[in-house]
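The values are calculated or read from the model by the stated rules, or taken from the named source; none is laboratory data. Remember, it's a predicted structure, so these values are computed and weren't measured experimentally. Reconstructed Cβ throughout: ideal geometry from the backbone, glycine too, with neighbour counts over all protein chains shown.
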Amino acid sequence: MQHPTLFFDDGDIVLSANTPIGEPWRFRVHRLTLSTHSPVFARILNERSQVEQVDTDGIQAVDNVRSLKISEPAVDLAALLQCLYYPNDMPFKLEEPTVKVDLAGLLRLCKKYDFVQLVSQVVDQLKYEWPTSLALYEVHESRVREMGIAHAAAPQGLIDRKYLDDRLPEPASIIRLSHEFNIPELLPAALYALALISPTADYDTFHSRAARMSPELAGKLARLTRSARWSLLIPADLRALAIGRDQLRSSRALTRVFEARPHGATCASGCAALLAALRSLADDTHDILGALTYLRLYISEPERAPKLKICAQCAAVTCRTIAVLRLRIWTSLPLWFKVAGVKCTE
């Protein structure tokens, strides 16, 4: 079966790779393109024994085009070739979460055939999506919050027939990828994301065909429930996750700094209400970073200010305290989740 966009009439090599349904995809591409980007392909294509003349509907026989069998999945090969031929339409982009392509499969293929530049691009994408910088994490946090608001307002929580969980990378896969390719910088953000997901929420169960017919599972996804592939984790990951979760629970005690802060006599009740809201948010979501952000946004909205019953000075001090707490928690993640040699920064 010819690939619809990666089968060029003037190509001089046909790459074939298997699909899950058994019928291989064929990609008619150019030796020069492969050889320029990959020294491994350059060597293989120069060895005549590695390629064979094949007859597929007469095309290869007429044009004397030879074929090379690739053992990796066709979907990964398609992603790699798309990066080479359509660099302005990569299957991953900084401005959106990567779910259209399996970055682990793509990275595996790039490393095997030594596509050095593409390996660097994929790793940069991963580090961007799972950052050690709090400033960059806040960019993603804001994006996910906006996506969540949109899905919460959509019928059955679906946008373009996708739940929020369909549109965000799955953290257990990223943790496994970080081990396989030695990219420990991904672990703090990925483990934090995983710590917010219930162990009962299995990704493959939630996203099976049967789940779409289950009112219970469909209802959970509609309520923005996240899921993970828990079976991918090794015992060391589970231990780090358990320790990190305990530390996150303890971090809620950091909010006591608000209690010691002096406040005006006219806004004591307002400050107490904000503290109660923060505790409730942290207890309900286990997401102390998210709870602090929500509290800051709540205070900062001009239309809410008259209703908060706190003075401008208390609001400003509270926002500064929130920023300090978030940074303290963020920089503690490598220690809490036992990630050696990695620092989380501003």
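When V139 is tested against (1) surrounded by fewer than 20 Cβ atoms within 10 Å (Cβ to Cβ); (2) of a type outside the set (G, A, S); (3) over 24 Å from E346 (Cα atoms), only condition (3) is not met.
Considered as a group, the residues in region 145-168 that are surrounded by fewer than 15 Cβ atoms within 10 Å (Cβ to Cβ), over 19 Å from the mean Cα position of the chain (by Cα) and not hydrophobic (A, V, I, L, M, F, W, C) include one that is farthest from L217 (Cα to Cα), and that residue is D160. Tell me, please, whether a residue that is modelled with pLDDT of 95 or more, surrounded by fewer than 16 Cβ atoms within 10 Å (Cβ to Cβ) and not in a helix (DSSP H, G or I) can be found in region 112-120. Yes, region 112-120 has at least one match. Suppose the filter is out of contact with any strand residue (DSSP E or B) (no Cβ under 7 Å at 6 or more places or on another chain), modelled with pLDDT under 95, closer than 30 Å to Q82 by Cα and part of a helix (DSSP H, G or I); does H179 pass it? The answer is no for H179. Determine whether P199 is touching a Cys at 6+ places or on another chain (Cβ under 8 Å) and either closer than 28 Å to W330 by Cα or not in a helix (DSSP H, G or I) (or both). Here the answer is no, as P199 does not meet what is asked.
If you go through region 199-220 one residue at a time, do you hit one that is farther than 25 Å from C344 by Cα, of a type in the set (K, R) and buried (at least 17 other Cβ atoms within 10 Å of the Cβ)? I'd like the intermediate steps shown before the answer.
From region 199-220, those farther than 25 Å from C344 by Cα are 199-220; that's our starting set.
Adding the requirement that they be of a type in the set (K, R) leaves 209, 212, 220.
After this cut, where a residue has to be buried (at least 17 other Cβ atoms within 10 Å of the Cβ) as well, the list is 220.
Scanning region 199-220 turns up at least one residue that is farther than 25 Å from C344 by Cα, of a type in the set (K, R) and buried (at least 17 other Cβ atoms within 10 Å of the Cβ).
Among all positions in region 221-243, there is at least one residue which is charged (D, E, K, R), part of a helix (DSSP H, G or I) and over 17 Å from the mean Cα position of the chain (by Cα).
Can you name the residue in region 89-111 that is of a type in the set (A, V, I, L, M, F, W, C), outside any helix (DSSP H, G or I) and surrounded by 17 or more Cβ atoms within 10 Å (Cβ to Cβ) and is also modelled with the lowest pLDDT among such residues? Step through it out loud before you land on a result.
Taking region 89-111 and keeping what is of a type in the set (A, V, I, L, M, F, W, C), we get 90, 92, 94, 99, 101, 103-104, 106-107, 109-110.
After this cut, where a residue has to be outside any helix (DSSP H, G or I) as well, the list is 90, 92, 94, 99, 101.
In the following step, the residues that additionally are surrounded by 17 or more Cβ atoms within 10 Å (Cβ to Cβ) were identified as 90, 92, 101.
Working: M90: 87, F92: 85, V101: 79.
Of everything passing the filter in region 89-111, V101 is modelled with the lowest pLDDT.
Residue by residue, here is whether (1) under 24 Å from L232 (Cα atoms); (2) touching a Cys at 6+ places or on another chain (Cβ under 6 Å); (3) not β-branched (V, I, T) holds:
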{"residue": "H151", "(1), (2), (3)": "no, no, yes"}
{"residue": "R167", "(1), (2), (3)": "yes, no, yes"}
{"residue": "P171", "(1), (2), (3)": "yes, no, yes"}
{"residue": "I175", "(1), (2), (3)": "yes, no, no"}
{"residue": "L187", "(1), (2), (3)": "yes, no, yes"}
{"residue": "A190", "(1), (2), (3)": "yes, no, yes"}
{"residue": "A195", "(1), (2), (3)": "yes, no, yes"}
